[in-house]
1. What is the chain's relative contact order, in percent, from Cα pairs under 8 angstrom and six or more apart in sequence?
2. In the structure displayed, which of Lys66/Lys115; Lys295/Lys349; Lys55/Lys97; Lys211/Lys264; Lys211/Lys245; Lys115/Lys197 lie more than 21 Å apart, Cα to Cα?
3. Under a 10 Å cutoff between Cα atoms, tell me which one of Leu274, Leu331, Leu173 has the largest fluctuation in the Gaussian network model of the chain.
4. Compute the whole-percent fraction of alpha carbon pairs in the chain spaced more than 37 Å apart.
5. Applying 1/(1 + (r/R0)^6) with R0 = 30 Å to the Cβ-Cβ distance of Ser63 and Val188, what FRET efficiency is obtained, to the nearest 0.05?
6. Label-point separation (nm) for His236 and Glu261, each offset 7 Å from Cα along Cα-to-Cβ?
7. Between the stretch 140-178 and the stretch 104-138, how far is it from one alpha carbon centroid to the other, in angstrom?
8. Pick out which of Glu75, Glu261, Glu195 has the largest mean-square fluctuation in a Gaussian network model of the chain, springs linking Cα atoms closer than 10 Å.
Amino acid sequence: MNPSRRTALTSCGVLGVAALLAACNADADEPAADRGATSSAGTGDSAFPVTVTHKYGSTTVGSAPKRVVCVGLCEQDSLLALGVVPVAVTAWLEAAKGEIYPWARPALGSAPLPKVLPSAKLDIEQIAALEPDLIVAIYSGITRSDYSRLSQLAPTVAPAKGYPDYGTPWSTLTQMVADAIGKHREGVALVKRVEGKLAAAQKAHPQFVGKTAIVATTYEGAYLYGPDDPRSQVQHALGFAFPAKFENVGGKSFGGSISAERAKEIDFDVVVWLASESDVRTKLGGLYEQTRAFKQGRTIYIPSSIADSKQNSTYASAFSMVTPLSIPWMLTRYVPQLVAAVDGNPATKVTVIAE
């Protein structure tokens, strides 16, 4: 995996430290269907064979998979939401054991945590030893060569066509996973439920509509997540507009950096930093503090680690994962922050969430 991708996604934050075990459950009002089942098997064989198209062609799955390996970084949530427990996942945010977070634990139930594969390199031998019958690598940057090697082990679903690496929308990814395990209709229903939650949040907060918002972090100056990044896609679903000035900041990637000297240009109706306030101030030389967004209290800080500890933040992980399970969990925390930020009143403090 591209090291810069991993660093940027985690706000250049703490990696390889003790995992944060948050003592919280799925939202009480979350329907059981959203949380998924606990079975490790797929659906009945009558749904098969199924074919999933992707950037490297198409993949046919002949029978219900029972040993699914996630080479992508967040597909485990979609699988769990649809009643399938993967045998292995790929390390990414490292803020929970097995990369199974509080919003996904109810769906895991009593099943064992999946094995965690390293993200530094594609370990074909280790994956082969797991004897997979399906490999999902949608939220990934696998090359055509990687895809060919993985396909020799098991049917492999690569990233979606038409999007940058790590830019497949959460809804498209969820449906691709659902199709691969023979649960097309369940996938459609799941996506519709979560899209409904986003739409309800937008309807309840008309002040969001048309306002400009951007997500950034402190990496190689200021790293701006582009309009194709899942985080930005959530902003759009809530009614916010991506700033036209930076629409092409990442070119064909999911985002890109601007120099620290240009931090004063990050001045929009809402600015979300995947970093702490002190980190932004230190790494950008205090220049961001000269913006109206800062002076008017339009800034949200989501640190990658909990202050005064070495624990990675569960909330920051939810914000980055963007899955059908993490989105409802995240919205209950994020929407109040947006409400406080978008009013432009410096007296309205935006709470920094420490969990």
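None of the figures in this text is laboratory data; all of them are computed from the coordinates on show. Everything quoted here is computed from the prediction, not taken from an experiment. Here the Cβ positions follow ideal geometry from the backbone for every residue, glycine too, while neighbour counts run over all protein chains shown.
1. Working: 772 pairs, mean separation 67.1, N = 355.
19 percent.
2. Numbers: Lys66/Lys115 15 Å; Lys295/Lys349 12 Å; Lys55/Lys97 31 Å; Lys211/Lys264 18 Å; Lys211/Lys245 14 Å; Lys115/Lys197 31 Å.
From Lys66/Lys115; Lys295/Lys349; Lys55/Lys97; Lys211/Lys264; Lys211/Lys245; Lys115/Lys197, over 21 Å: Lys55/Lys97; Lys115/Lys197.
3. Per the Cα network of the chain with a 10 Å cutoff, Leu331 tops the list.
4. On the way: 9682 of 62835 pairs.
Distances greater than 37 Å cover 15 percent of the Cα pairs.
5. Values: r = 22 Å, r/R0 = 0.72.
Efficiency for this residue pair is about 0.85.
6. If labels sit at His236 and Glu261, their model points lie 3.3 nm apart.
7. Comparing the Cα centres of the stretch 140-178 and the stretch 104-138, I get a distance of 15 Å.
8. Glu261
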